[in-house]
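One structure is given here, and the rest of the page talks about it.
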Amino acid sequence: MARTRHPKKAVEQAIRYAESNGWSVQVGGSHAWGKLYCPYAQDSCRCGTFCFTSIASTPRNAGNHAKQIRRVVDNCTGQKHEEIGDI
């Protein structure tokens, strides 16, 4: 089943970028539209368990929120380790 689309176009594009990099989306939550979860569950991730980021349902600035999502995906330590070949 397909997930619901984010109402902000820039944020939806950032979510699709994350999905193309293997991140999974869980729609729903108390205050957030949803969460993005990293595909690399490693101890070296910044939270110690896994990387994740919340997706705001009504961000103050959709462009900046989209940049923030892309930055989290691009700076994922698990992805960097895989590119180097440490995994």
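We did not get these values from a lab; they are worked out from the coordinates using the rules stated. All values derive from a computational prediction rather than experimental measurement. For neighbour counting, all protein chains shown are included, and Cβ atoms are generated from backbone atoms with ideal geometry for every residue, glycine included.
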Protection proxy ranking, peptides 61-71, 26-36, average beta carbon neighbours within 10 Å, highest first | 61-71, 26-36
Apply the Karplus parameterisation 6.51 cos²θ - 1.76 cosθ + 1.60, with θ equal to phi minus 60°, to every residue of the range 60-67 and state each ³J(HN,Hα) to the nearest whole Hz, in sequence, with x for glycine and proline.
-> 4, 9, 4, x, 5, 5, 5, 4
